[in-house]
Amino acid sequence: MADDVVLAERDGAVAVARLNRPDARNALSADLMERLTGLVEEWDADGEVRCIVIAGGDEYFAAGADIKAMRDRSFQEAMTTPTAGYWPRLWSCNTPMIAAVSGYALGGGCELALLCDMIVASETAEFGQPEIRLGIIPGAGGTQRLARVLGKQRAMELVITGRRMGAAEAHAAGIVNRVTGADDWLEQALDLAGVVARRPPIAVRLAKQAVKAADETALSAGLDHERRLYELAMATEDRIEGMSAFIDKRQPDFRGR
Ligand code: HXC
């Protein structure tokens, strides 16, 4: 497996995965997904990593699944391909993940960005699920995650027509957290990741778990779940530190305990 299809970088407590198949517009080949998932799992298990950024290049976040590899795949192979397993593995990452999107995030590329916890997008970003033009439908969360964020009608249009959405529309629709200039999308994503990295890491993980539950449970079950996670946060040393620092009018020193 070629390691350079995803470049691993560290900026203090922030780990950055740079998708790097420019000749294929960062299409998500099995090699790329294997390497990306491996890196994310390695960082998720590393207590020093407090936030993960997934980025592409200036012109392409990712153009989706590798169509050249998919064309000759039989129905039976599609049913049994191990590549389907990468998505739930990425989704189960407990460390916050930020997608830094510049240029095209299409098909699986859009789904990868939607799987992240936040999206910082350059004004050049274009999101879309063009699978319908290929005779397929999104298969890594596009229909489900878009419908949850956009509502059924707007998700339906994107999925059934394959229309792309620019950064401003994606921001207005609630998919994108921040729209940046064309030159500072990565810097701004790293800034946001830096803020997350300075927060108490156990509480951050509990918060991520709690917010994710909102999409998956009924309100009363979600509220119960939130309460249990809140009680766990109350058992940490970091919350004593956070509250003491507030009362003492000083900066907190969170240790992840
Ligand atoms: C494989 C791809 C690719 C892809 C681009 N390339 N996208 N190869 N899979 N998804 C390759 C092209 O074949 C070409 O190879 C080279 O990259 C440059 O592509 P161009 O089209 O010439 O580049 P450009 O004009 O800059 O247009 C960029 C683009 C366009 C708008 C992103 O490439 C595009 O529409 N790509 C397909 C997007 C798409 O349909 N995605 C959905 C995939 S299905 P050569 O050899 O000619 O240089 C999917 C399903 C997910 O994602 C299911 C769950 C996993």
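Computed quantities for the displayed model
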item	result
Spatially proximal aspartates and glutamates relative to Lys212 (Cα-Cα < 13 Å; intrachain offsets below 8 disregarded)	Asp117, Glu226
Relative compactness, the chain, computed as alpha-carbon Rg over 2.2 N^0.38 Å	1.04
Selected from Leu150, Leu112, Leu158 as most flexible by GNM, with the chain as the system and alpha-carbon contacts under 10 Å	Leu150
Angle between the chain longest axis and helix 185-198 axis [Cα atoms, degrees, rounded to 10]	30 degrees
Extension gain, Asp253 back to Asp58 (0.36 nm per residue minus Cα-Cα distance, nm)	66.6 nm
Counting DSSP beta bridges with both ends in the chain, the antiparallel % (nearest 5)	25 percent
GNM result for the chain, Cα springs below 10 Å: residue of Ala218, Ala30, Ala197 fluctuating most strongly	Ala218
In Hz, Karplus ³J(HN,Hα) per residue of the range 155-171 (6.51, -1.76, 1.60; θ = phi - 60°; x = Gly, Pro)	5, 4, 4, 5, 6, 7, 9, x, 5, 8, 10, x, 4, 5, 5, 5, 5
Solvent-accessible ranking of Arg25, Arg255, largest area first, probe 1.4 Å	Arg255, Arg25
Cα gyration tensor, the range 147-253 - rounded (a/c under 1.5), prolate or oblate	oblate
Probe 1.4 Å, all protein chains present, accessible-area order of Leu223, Leu229, largest first	Leu223, Leu229
Whole-Hz ³J(HN,Hα) from phi, Karplus 6.51 cos²θ - 1.76 cosθ + 1.60, for the range 28-44, glycine and proline x	7, 5, 4, 4, 5, 5, 4, 5, 4, 5, x, 5, 4, 5, 5, 5, 5
Dipole of the chain, positive direction: furthest Cα of Gly151, Gly47, Leu134, with charges on the beta-carbon	Gly151
GNM result for the chain, Cα springs below 10 Å: residue of Arg133, Arg164, Arg71 fluctuating most strongly	Arg71
Sum of side-chain charges, Ala105 neighbourhood, beta-carbon under 12 Å (Lys, Arg +1; Asp, Glu -1)	-1
Using a Förster distance of 51 Å, the FRET efficiency for Leu223-Arg73 (Cβ separation, nearest 0.05)	0.70
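The values are calculated or read from the model by the stated rules, or taken from the named source; none is laboratory data. Quick caveat, the model's predicted, so the values are computed rather than measured. Because the Cβ atoms are built from the backbone with ideal geometry, glycine has one as well, and the counts that use them run over all protein chains shown. These accessible areas exclude ligands, DNA and RNA; they are computed on the full protein's heavy atoms, side chains included. Shrake-Rupley method; radii C 1.70, N 1.55, O 1.52, S 1.80 Å.
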